[in-house]
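Structure, as structure tokens:
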Amino acid sequence: MREIILKQAEIAELFADILARGGTFSFRAHGSSMSPFIRNGDILFIEPVEAAALKVGDVALFQSIGDRLIAHRVVSKNIKRNRVVLTMRGDAVSAFCELATPDQVLGRIAVVRRGSKIIRPDRGIPGLAARLWMRLSPAGPLLIQLIRFGKRGGGCVLRRLQSLKSYRIFIRKMVGKKVRYRIATTEDSILLEKIYGHTISSNPGNLVEKHACGTENKKVQSFTLIATVGQKFAGATFLMQFPENQGHFPGLWFFGMRVLTLYRGIGIGEGLVRMGLKTASENSAAKVNLLIFEHNKPGVNLYRKMGFQSDSIHGLDDLLDKEVRQGERRRIIMSKHLLIKA
Ligand SMILES: CC(C)(COP(=O)(O)OP(=O)(O)OC[C@H]1O[C@@H](n2cnc3c(N)ncnc32)[C@H](O)[C@@H]1OP(=O)(O)O)[C@@H](O)C(=O)NCCC(=O)NCCS
């Protein structure tokens with residue numbers, strides 16, 4: 001396929017032509033000026049519209065200074081010398097307004113696609129929230145900052161609590177019985193992708209060719225283990241079987257252990273490790289390994305409690321030393337020998 005690189009003005013011309021013929025087009029949003037309503041990476045679907053038909057609250061694509069294409073919200077609409085003049089502003093940037101005349105307007109953002117979610121920016125709850133947001137402005141962005149700050153503060157307090165053994169005992173009694181464990185299925189793929197930020201193969205015993213540990217293109221067998229509390233996802237880990245005596249990761253490995261902050265201390269990490277060890281035993285594994293940052297106290301404590309010990313693997317040790325020489329944090333190998341059932 002031939003790749004064509006277009007300038008902003010040429011793209012605008014192309015888009016204008018498509019819209020003039022009654023067509024629609026979509027593109028990926030870059031930047032955060034429309035946060036929280038449109039996020040970086042969202043797919044925006046544009047439909048043709050006359051500038052005069054745009055309403056306050058609509059999100060429109062227009063050609064800004066220097067031919068830049070911008071999707072911002074219409075915050076006011078006026079008639080000057082028989083011409084519609086729109087005031088456009090990003091939701092996140094309360095101080096930044098720009099005027100747009102009809103010849104600058106290309107179209108209206110009809111639909112926003114975020115993962116599997118479809119959002120109409122001008123209708124339903126998002127539309128109502130956006131109008132409220134505009135009324136609140138400039139307090140809106142400030143409010144979001146305050147909520148974020150509050151969340152961060154709340155997170156800090158929660159983590160301090162979770163580091164207390166007495167809290168862990170208490171919360172286990174309260175919530176422990178509601179936790180369920182299972183091997184992930186393909187239906188969990190989207191959720192796992194959201195949590196980990198990359199594609200996860202979630203077929204039990206599936207062969208995957210790529211994962212996060214730099215061993216691309218080697219076939220490995222993997223199990224993704226999931227914990228839920230009620231209907232909610234709470235944590236996951238991967239168990240991966242690599243060919244023995246090959247590469248830096250011989251044998252069976254735990255990777256990507258993660259429990260969502262809210263659910264830490266309940267015993268979910270322990271439950272996932274226990275399930276992983278059971279799966280390993282059922283697959284006749286003699287040993288399970290993992291890598292962990294040396295100073296990750298909760299993680300190291302968890303694995304020690306489950307019987308893992310510091311280990312050394314020829315070749316991988318050199319790689320970990322090299323990471324430290326390159327200024328990265330020290331990772332250590334921990335492993336546990338399993339009893340092979342006769
Ligand atoms: C590490 C992690 C998986 C632990 O999961 P968890 O569900 O909170 O842990 P559990 O409730 O099962 O606790 C099991 C044991 O881990 C240790 N532990 C858990 N949280 C701890 C904490 N905050 N401080 C010290 N030790 C802790 C304890 O030994 C605990 O046993 P105990 O309560 O009987 O003392 C979780 O904190 C996490 O997801 N962290 C971020 C990702 C990560 O670091 N992953 C591990 C490296 S790959």
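No lab work stands behind these numbers, since they all come straight from the coordinates. Remember, predicted model here, so these are calculated numbers, not experimental data. Ideal geometry is used to build each Cβ from the backbone, glycine not excepted, and the neighbour counts take in all protein chains shown.
If I stretch the segment between residue 56 and residue 16 completely, what's the gain in nm (0.36 nm per residue apart, minus their alpha carbon distance), one decimal? Each step should come with its number before you reach the end.
Numbers: separation 40, 0.36 × 40 = 14.40 nm, distance 2.18 nm.
Extra length from residue 56 to residue 16 when fully extended: 12.2 nm.
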Spatially proximal lysines relative to residue 151 (Cα-Cα < 30 Å; intrachain offsets below 8 disregarded): 117, 165, 173, 177, 178, 194, 232, 297
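How large is the convex hull of the Cα atoms of the stretch 8-140 per residue, expressed in Å³ as a whole number? Walk me through the numbers before you get to the answer.
Values: hull volume 14.2 nm³, N = 133.
Spread over its residues, the Cα hull of the stretch 8-140 gives 106 Å³ apiece.
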Sorted by Cβ density within 10 Å, fewest first, the residues 91, 321: 321, 91
Estimated dipole of the stretch 229-331 in Debye, rounded to 20 [Cβ of Lys and Arg +1, of Asp and Glu -1, Cα centre]: 500
Residues of type aspartates and glutamates that residue 77 reaches as a straight line, Cα spacing below 18 Å, ignoring anything fewer than 8 places off in the same chain: 50, 58, 91, 98, 103, 122
Under the Karplus curve 6.51 cos²θ - 1.76 cosθ + 1.60, θ = phi - 60°, whole-Hz ³J(HN,Hα) for the stretch 280-293, x wherever Gly or Pro sits: 4, 4, 4, 9, 6, 6, 9, 7, 10, 10, 7, 10, 8, 5
Packing-based exposure ordering (other Cβ within 10 Å, fewest first) of 88, 334: 334, 88
Rough spin-label spacing in nm, given labels placed 7 Å along Cα→Cβ, for residue 157 and residue 328: 3.7
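Please rank 156, 97, fewest neighbouring Cβ atoms within 10 Å first, as an exposure proxy.
Lowest count first: 156, 97.
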Helix-only CD estimate at 222 nm, as mean residue ellipticity for the chain, using -39500 (n - 2.57) per DSSP H run (n ≥ 4): -9500 deg cm²/dmol
Rounded to whole Å, sorted largest first: equivalent-ellipsoid semi-axes of the chain, Cα gyration tensor: 50, 25, 18
Neighbour cut-off at most 14 other Cβ (10 Å), DSSP loop, GluC sites (Glu not before Pro), the stretch 1-109: 3, 50
Value in Å of the Kirkwood radius, where the stretch 282-342 supplies the Cα pairs that are averaged: 12.7
Cα convex hull of the stretch 165-337, projected area averaged across orientations, nm²: 10.2
